[in-house]
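Asks: There's a structure below that I have some questions on.
The values are calculated or read from the model by the stated rules, or taken from the named source; none is laboratory data. These numbers come from a predicted model, not from an experiment. Backbone-built Cβ (ideal geometry, glycine too); neighbour counts: all protein chains shown. For accessibility, only protein heavy atoms count, side chains too; no ligands or nucleic acids. Shrake-Rupley method; radii C 1.70, N 1.55, O 1.52, S 1.80 Å.
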Amino acid sequence: MNPIQKEIERRLTFAIISHPDAGKTTITEKLLLFGGAIHTAGAVKSKKNTRKTVSDFMQMEQERGISISTSVMGFEYRGRKINLLDTPGHEDFSEDTYRTLTVVDSALMVIDSVKGVEDRTRKLCEICRMRKTPIITFMNKLDREGRDPMELLDQVEEELGITVCPMSWPVGQGREFKGVYSLYEKRLILFDPHGKQEKENSVQITDLTDPLLDQKVGKSLADKLREDVALLQEVYPPFDRKAYLEGLQTPVFFGSALNNFGVRELLDCFVDIAPPPLPRPLEGGSYVSPFAEKFSGLIFKIHANLDPRHRDRIAFMRVCSGVFERNKTYFHVRSGKTFKTANPTAFMAQDRSIIDEAYPGDIIGIHDTGTFKIGDAITEGEILRFTGIPSFAPQIFKTVVNLDPLKSKQLEKGLDQLTEEGVVQVFTRLNSSQRLVGVVGQLQFDVLQFRLETEYKAQCRFEPTEYTSACWVHCGDKARLEEFIRRHESKLCRDREGRLVFLARNRWTIERTFQEEKGIQYYFTSDYES
Ligand code: G4P
């Protein structure tokens, strides 16, 4: 293997998906501690009120304790370069999370064992399944009286539609929690709530009839474990890496992130089985291999004003193929222009540092003066278009009312730039030039308003509309489409890319309208092939 191939193969790029409060921040911190990227617990998050996460870029998210932006944390573990992409916890920023999930190669799903599968886990898992993203599951908070582990596995299979393969199994739960038996390593790892969970707290037990098991956890829990394991072996198929890589099977671990229990086993297995950088899909159905010689990268996030004193933006780019080099001239496919980057940034936990090169799987920040847009491809000159960063149909639509006529330019500019960043979507009506702002969650309006005021000095108000649903409309037959437009003009608008969008009071209206309008296709995400 040549040195570049080696660099690519050692990279693992993933994200954590979970419902808020399941333990994502806690587990992130433990992973960073294992990776030596941080040295003290609490560095990722201190107490809720003064909550500061590594991903806290904006004043607002600190004030409100909500992680709005998606950041990147890189660390090294067992010779692997791991890129962990953080995602916003709050559901109102789910679009940001969806976009992040399009640039990772695998995901870690954290479930609170007391609450079981929750709403947001369901949605995020669905996105992963759509993209066949491999998922490893961590059942967290075993130190609390939670649901029965068998019931949790059933729930994952039934509600998330993915087969499970338990890799470890809890011995007791809550106050009775004694540890986990690693089915993967045939080792019993004992839980010590006051001490560190390290190798001395684990014993090799290859055969569960070994009396050492009774000595360590007591006869009743030992018998229960024997019974459970016999049942598991009957019910669940063995681990199948191919099925995992296709997103069909999820290996499941049990533990307690807060007590740092079961996290190292999880990380070790992740490093063994998770996929290295995968090919990225292009328009037209082909793929770019990470091993392709020429560099290509995909912009999936734009973040403004990391430094409030400057009106700068940072574009987050995933390296898809080849090697990215500092100061080299690259090609921005959409504008057809070339550019150079003197200070590309890598993100290592709390730090940002300038890098000289980056490999497929890496996420780098490049300085942007307003050129880039989400979904843009950067190459060495090739015309490539990546697919897979769709917009999702918003559920709340409001009109924008300018409150300061002298600042209308600032308002327009702010709206334009913040739409490019993906903060909100903006639609222009066909029958007037009125602009509508569309969002998935109400908080996006608060962020928009806050940023328009602080960054663009623009004052505006949002007024409600009757719409709560929308879809993109497409028809290959021009005359047929024109006829449709004539009939529904008052409900039609165009998105930033000029695509036709139909607004409705609810989803039912959409279904009914398009049942009647034969030959017209409609889509709830923007990535349909036109
Ligand atoms: P999130 O990022 O997914 O939203 O979850 P986070 O890690 O912030 O965890 C949510 C709460 O659950 C935190 O408590 C955290 O300490 C707790 N927690 C995480 N893992 C475990 C675990 O294994 N066992 C138990 N018992 N609790 C766990 P909090 O009181 O909301 O915050 P804090 O005051 O502890 O920071």
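Asks: As a test of understanding, state the convex hull volume per residue of region 390-527 from its alpha carbons, in Å³.
Replies: For region 390-527, the hull spanned by Cα atoms encloses 100 Å³ per residue.
Asks: Right, next: Arrange the peptides 95-104, 125-134 so that the one whose residues have, on average, the most other Cβ atoms within 10 Å appears first.
Replies: 95-104, 125-134
Asks: With every protein chain left in place and a probe of 1.4 Å, what is the accessible surface of GLU412, to the nearest 10 Å²?
Replies: Solvent-accessible area, nearest 10 Å²: 90 Å².
Asks: Let me ask you something else. Mind checking which of SER469, VAL288, GLN410 is farthest towards the positive end of the chain's charge dipole, using Cβ charges of +1 (Lys, Arg) and -1 (Asp, Glu) about the Cα centre?
Replies: Towards the positive end, the residue furthest out is GLN410.
Asks: Same structure again: Using the Cα centre of region 390-527 as the reference point, and only Cβ charges (+1 on K/R, -1 on D/E), how large is the resulting charge dipole? Debye, rounded to the nearest 20.
Replies: 280 debye
Asks: To the nearest 10 Å², what's ASP119's accessible area with a 1.4 Å probe?
Replies: 70 Å²
Asks: Could you give the dipole magnitude of region 127-241 about its Cα centre, charging the beta-carbon of Lys and Arg +1 and that of Asp and Glu -1, in debye to the nearest 20?
Replies: 480 debye
Asks: With N set to the number of residues, divide the alpha-carbon radius of gyration of region 280-379 by 2.2 N^0.38 Å and report two decimals.
Replies: So the Cα radius of gyration is 1.04 times the expected 2.2 N^0.38 Å.
Asks: So what is the calculated 222 nm ellipticity per residue for the chain, using -39500 (n - 2.57) for each DSSP H run with n of 4 or more, over all residues, to the nearest 500 deg cm²/dmol?
Replies: The helix contribution divided over the chain gives -8000 deg cm²/dmol.
Asks: What order, most packed first, do the peptides 425-431, 402-408, 505-511, 443-449 have when packing is the mean number of other Cβ atoms within 10 Å of each residue?
Replies: Ranked from most to least packed, the peptides come out as 443-449, 425-431, 505-511, 402-408.
Asks: Placing unit charges on C-beta atoms (Lys and Arg positive, Asp and Glu negative, everything else neutral), compute the dipole magnitude of region 225-289 about its Cα centre in debye, rounded to 20.
Replies: The calculation lands at about 200 debye.
Asks: Follow-up. At a 1.4 Å probe radius, which order do ILE4, ILE82 fall into by accessible area, largest first?
Replies: Solvent-accessible surface, decreasing: ILE4, ILE82.
Asks: Arrange the peptides 227-239, 291-303 so that the one whose residues have, on average, the most other Cβ atoms within 10 Å appears first.
Replies: Going from most to least packed, we get 291-303, 227-239.
Asks: With the contact rule set at Cα under 8 Å and sequence spacing of 6 or more, what percent relative contact order holds for region 280-379?
Replies: Reported as a whole number, the value is 33 percent.
Asks: Give the carbon-plus-sulfur fraction of the accessible surface of region 280-379 in %, rounded to a whole number; probe 1.4 Å, heavy atoms of protein chains only.
Replies: Here carbon and sulfur together make up 45 percent of the probe-accessible area.
Asks: Roughly how many Å² is the accessible area per residue of the chain, as a whole number, for a 1.4 Å probe?
Replies: Heavy-atom accessible area per residue stands at 44 Å².
Asks: Taking the Kirkwood radius as the inverse of the mean 1/r across Cα pairs, report the Rg/Rh of the chain.
Replies: Radius of gyration over Kirkwood radius for the chain works out to 1.00.
Asks: Hey, how many Å between the Cα centroid of region 10-31 and the Cα centroid of region 472-509?
Replies: 40 Å
Asks: Could you give the distance between the Cα centres of region 68-142 and region 352-417, to the whole Å?
Replies: One Cα centre to the other: 22 Å.
Asks: Where both residues lie in the chain, what percent of DSSP beta bridges are antiparallel, nearest 5?
Replies: 75 percent
Asks: I've got another one for you. What distance in nm lies between label points placed 7 Å from Cα along the C-beta direction at ASP272 and THR209?
Replies: Roughly 2.6 nm, to one decimal.
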